[in-house]
1. How big is the charge dipole of the range 286-331 about its Cα centre, in debye rounded to the nearest 20, if each Lys and Arg gets +1 on its Cβ and each Asp and Glu gets -1 on its Cβ?
2. What percent of all Cα-Cα pairs in the range 141-215 falls in each 10 Å bin, counting up from 0?
3. To the nearest whole percent, what portion of all C-alpha pairs in the range 138-271 is separated by more than 24 angstrom?
4. From the square roots a ≥ b ≥ c of the eigenvalues of the alpha-carbon gyration tensor of the range 170-213, which class results: rounded (a/c under 1.5), prolate (a/b over b/c), or oblate?
5. Work out the P(r) tail for the range 61-127: percent of alpha carbon pairs separated by more than 18 Å, whole number.
6. Per-residue ellipticity at 222 nm for the chain, helices alone: DSSP H runs ≥ 4 residues times -39500 (n - 2.57), over residue total, nearest 500 deg cm²/dmol?
7. With N residues in the range 251-343, what two-decimal value do you get for its Cα radius of gyration over 2.2 N^0.38 Å?
8. P(r) tail for the chain, what percent of Cα pairs lie past 29 Å?
Amino acid sequence: MAEHFPCAKCQVPSTNCCSKCRAVYYCSRDHQKADWAIHKTLCVPPFKIDESEHEGRYLVAKRSIKAGEIILQEPPLVLGPKLQSLPLCLGCYKHISGTYRCSRCNWPMCSALCEESAFHRNSECRMIEPALVANFLCTGTINNQVYQCITPLRCLSLSAKNRQVLDKLVSHMEQRKGTDIYRLVEQNISSFLRQRLKLTQYDSEHIQRVCGILETNCFEIRIQDRVSFRGLYPTASLMNHECVPNTRHVFDPFDFKIRVLATRNIRAGEKISATYTQIFWNTIDRRLHLKSSKHFWCQCSRCADPRELGTLMGALKCTNCGGMIVSNDPLDQFANWECSGCGLVQKIEKVKRFHDSVRAELKQIAQMARSRPELLENFIATYSGAIHPGSCHVIEAKYAIIQLYGNASKLLYDAASNYMPGSRVALHVDLCNSEVI
């Protein structure tokens, strides 16, 4: 169901927005006309695009933006599977059974409706022979290596006008050369497109550049019953990164438009930011991810603070005195960690091994938690005492429980069926009210 926003005139929920700025909603044309005298002074994008030698292009607020205000809405330039993808419909991105196939190209799809989707029809559907697709079919689906090629192929199939938009985006070509991802693209994607599909008009470097643009600028899209996939939004991708961003974004489940909203008041002249990582990750993981995927070391205020702005998400508890062990210099990836109480020093390698071990344990537990939520509860009880209770791992476990309770089978809120014991209802409420969450 489409998200509703209050009419600017009467506050009645509506899905109809101003076609020019797409930031204000109205329940009727009459109310839009009545509000025009006020709205016309604001009916322009609240941001502009600036550029610098160090940062490239980025978005800046042209005026004061209020918390909750829609900053921009944008349709995707390209949608498609991620590099690592489960089998999915190339029209709606839901899981597929393989029982239905496109009548033209033989790709497994959901239905006749999905085979008419624009991205599929204008790209792989007209460029891949049905007999070729049959060679990749395995128990009704297509292997992951072929899915890797779909989104780059869709980029290569764009119109000349849209290719100009694509070509303006950063690819980090020089930094990617010699990396594992560069070699993967060469072996799996470039060879498939040039040799199997005979797209010899595109040389290897051209395909590498397209893949670099996707890796650098795409947003991951997660919508309920869909397989996780990616979308390229040229304007939204210009937002600078911050580990404490001033925006959040959501995706429309019907047309996959991105909607960027302010999470706090933004001053005129302030940069508009998003996070390129997971907000619950600790500083070590965020900075390493940004370096490997976006090719820069983050030096924002959260990364520079050993206590992560007071959250202590990466802190360890000292076994000697119970104090907190934090990095001596978070912006130095080789710096030692030290206890604030007794001065105990821990090598960074040992800290990383600990975090990796706990993360691996949590990942294994999360896979079983839908039927056994007590595993997450036990994890929280165990590690809240061994590490800081606001640790990234504890917070992730709490967030997983919040998503499970009331949604997963046998964890539904149903007073008649008594699915949820009162103790778990109370725990759910406590977690939702947690200041850290």
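1. Charge dipole of the range 286-331: 180 debye, to the nearest 20.
2. 19, 54, 26, 2
3. Cα-Cα pairs of the range 138-271 separated by over 24 Å account for 40 percent.
4. oblate
5. 48
6. My calculation for the chain gives -9500 deg cm²/dmol from helical runs alone.
7. 1.38
8. 58
A short reminder: the numbers here are calculations on the coordinates, not readings from a lab. Just so it is clear, the structure is predicted and the values come from calculations on it, not from any experiment. Here the Cβ is made from the backbone with ideal geometry for all residues, glycine too, and neighbour counts use every protein chain on show.
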